[in-house]
Amino acid sequence: MTLRTLPLFPLNTVLFPRMPLPLVIFEDRYKAMFAKCLAGDHRFGVVLIASGAEVGGPAIPYPVGTVAHISSWEIVGDDRIKVMASGESRFRLVEMLESDAPYLSAVVEIWDDEAPESPELSHVMRDLVDNFVDYLTLVMLLSGYSLPVGFFDFPSEPTALSFQVANSLQIDVVEKQRLLEEPSARERLSRELLLVRRERDFLQRLVSLHGVAGDLDMRWGLRMDSRVGNIVGLIPRKDGSGGQ
């Protein structure tokens, strides 16, 4: 068991190991946390907020998060700090610490994936990649955007593949948190296969029902983030405007 103390950054997002995390820090409490990180090993913990607010108020985190390492930073605009970090390893919260600091700190246990020993794992990985490519193809069809070629380069190592798919798949953050908390790559990949099939089938039904991406854009409020292929606002409002 590896224990360490980390300052915590509660967010409305789930960070997975090996995945990037761009941040803009503007609250004084997190500027203080950032200064402490730079004075140490440049690491902090990212946890999904279970209840509370991301800005201004207290937040209660989920019990599993990810260690983030700061790779670069710069001060921009009105003293905001633009940070690039990346996920390293998962952790479990062991004990929340009381201190005079304005941010949360905790003792955490580093939590590595269980060894993915399963003879059928290679079949699950192939099925997942095939279905995920179909999903990404539908994303491009519906959005009119082209994803970079590198987006289709998938790791051959099970844990790396499981985190890449979990990071890219556009689902509710609570479902992403459940993926983060899966004890092994085998269980994470198996669950991702079910989720990817569900999302692929949903997008395929949209294509079948409405046909033209331009029509979808007007009638269903389809909005895309061209960098990550993030689909939001697919459910129409009663006023027909769609979106969130």
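The values are calculated or read from the model by the stated rules, or taken from the named source; none is laboratory data. A quick note: this is a predicted structure, and the numbers were derived from the prediction, not measured. Methodologically, a virtual Cβ is constructed for each residue, glycine included, from the backbone with ideal geometry; neighbour enumeration extends over all protein chains shown.
Would you say A59 is at pLDDT 90 or above and among the aliphatic types (A, V, I, L, M)? Reasoning before the result, please.
Values: at pLDDT 90 or above: no; among the aliphatic types (A, V, I, L, M): yes.
So A59 does not fit the description; no.
Looking at S51 and the list (1) surrounded by fewer than 11 Cβ atoms within 10 Å (Cβ to Cβ); (2) at pLDDT 90 or above; (3) closer than 16 Å to V173 by Cα, which single condition is not satisfied?
The single condition S51 does not satisfy is (2).
Out of V129, V149, which single residue is modelled with pLDDT of 95 or more, outside the structural domain of L21 (by TED's automatic domain parsing), over 30 Å from P7 (Cβ atoms) and out of contact with any Cys (no Cβ under 7 Å at 6 or more places or on another chain)?
On the way: V149 fails: modelled with pLDDT of 95 or more.
Testing whether each residue is modelled with pLDDT of 95 or more, outside the structural domain of L21 (by TED's automatic domain parsing), over 30 Å from P7 (Cβ atoms) and out of contact with any Cys (no Cβ under 7 Å at 6 or more places or on another chain) leaves just V129.
On the basis of being assigned to a loop (DSSP other than H, G, I, E, B) and farther than 21 Å from A59 by Cβ, does S118 make the cut?
On the way: assigned to a loop (DSSP other than H, G, I, E, B): yes; farther than 21 Å from A59 by Cβ: yes.
Judged against the criteria, S118 is a match.
Given (1) part of a strand (DSSP E or B); (2) at pLDDT 90 or above, where does Y103 come up short, assuming only one miss?
(1)
Could we say that A68 is surrounded by 12 or more Cβ atoms within 10 Å (Cβ to Cβ), under 27 Å from P183 (Cα atoms), not polar (S, T, N, Q) and not assigned by TED's automatic domain parsing to the domain that holds R178 here? Break it down into steps so the answer makes sense when it comes.
Values: surrounded by 12 or more Cβ atoms within 10 Å (Cβ to Cβ): yes; under 27 Å from P183 (Cα atoms): yes; not polar (S, T, N, Q): yes; not assigned by TED's automatic domain parsing to the domain that holds R178: yes.
Here the answer is yes, as A68 does meet what is asked.
Look through region 34-47, keep the residues that are in contact (Cβ under 8 Å) with a residue 40 or more places away in the chain and surrounded by fewer than 21 Cβ atoms within 10 Å (Cβ to Cβ), and return whichever of them is farthest from T159 (Cα to Cα).
If we take residues in region 34-47 being in contact (Cβ under 8 Å) with a residue 40 or more places away in the chain and surrounded by fewer than 21 Cβ atoms within 10 Å (Cβ to Cβ), then K36 is farthest from T159 (Cα to Cα).
Could you please give the count of residues in region 71-105 that are of a type in the set (V, I, T) and loosely packed, with under 14 Cβ neighbours inside 10 Å? Walk me through it before giving the result.
Here is the first cut: in region 71-105, the ones of a type in the set (V, I, T) are 75-76, 81, 83, 94.
Filter once more, keeping what is loosely packed, with under 14 Cβ neighbours inside 10 Å: 75-76.
Total meeting the criteria: 2.
Does V108 meet the test of being surrounded by 20 or more Cβ atoms within 10 Å (Cβ to Cβ), modelled with pLDDT of 95 or more and not in a helix (DSSP H, G or I)? Give the steps one after another, and end with the answer.
Numbers: surrounded by 20 or more Cβ atoms within 10 Å (Cβ to Cβ): yes; modelled with pLDDT of 95 or more: yes; not in a helix (DSSP H, G or I): yes.
When the stated conditions are applied, V108 passes them.
Can you name every residue in region 171-186 that is assigned to a helix (DSSP H, G or I) and polar (S, T, N, Q)? So that I can check it myself, show each step before the final result.
Keep residues of region 171-186 that are assigned to a helix (DSSP H, G or I), which gives 173-181, 185-186.
Q177, the sole residue that qualifies.
Given the conditions (1) surrounded by fewer than 12 Cβ atoms within 10 Å (Cβ to Cβ); (2) farther than 20 Å from Q170 by Cα; (3) of a type outside the set (S, T, Y), report the number of the one that D153 does not fulfil.
(2)
Determine, yes or no, whether N131 is under 20 Å from the mean Cα position of the chain (by Cα), surrounded by 14 or more Cβ atoms within 10 Å (Cβ to Cβ), under 23 Å from A68 (Cβ atoms) and among the polar types (S, T, N, Q).
On the way: under 20 Å from the mean Cα position of the chain (by Cα): yes; surrounded by 14 or more Cβ atoms within 10 Å (Cβ to Cβ): yes; under 23 Å from A68 (Cβ atoms): no; among the polar types (S, T, N, Q): yes.
For N131, the condition - under 20 Å from the mean Cα position of the chain (by Cα), surrounded by 14 or more Cβ atoms within 10 Å (Cβ to Cβ), under 23 Å from A68 (Cβ atoms) and among the polar types (S, T, N, Q) - is not met.
Which of the residues spanning region 138-148 are under 17 Å from N167 (Cα atoms) and in a helix (DSSP H, G or I)?
Looking only at region 138-148, we keep the residues that are under 17 Å from N167 (Cα atoms), and these are 139, 147-148.
Selection gives V139 alone.
With the requirement that a residue be closer than 20 Å to K36 by Cβ and surrounded by 21 or more Cβ atoms within 10 Å (Cβ to Cβ), what does region 4-20 give you?
First, the residues of region 4-20 that are closer than 20 Å to K36 by Cβ: 4-11, 15.
L6, P7, L8, F9, P10, L15 - these are the residues of region 4-20 that are closer than 20 Å to K36 by Cβ and surrounded by 21 or more Cβ atoms within 10 Å (Cβ to Cβ).
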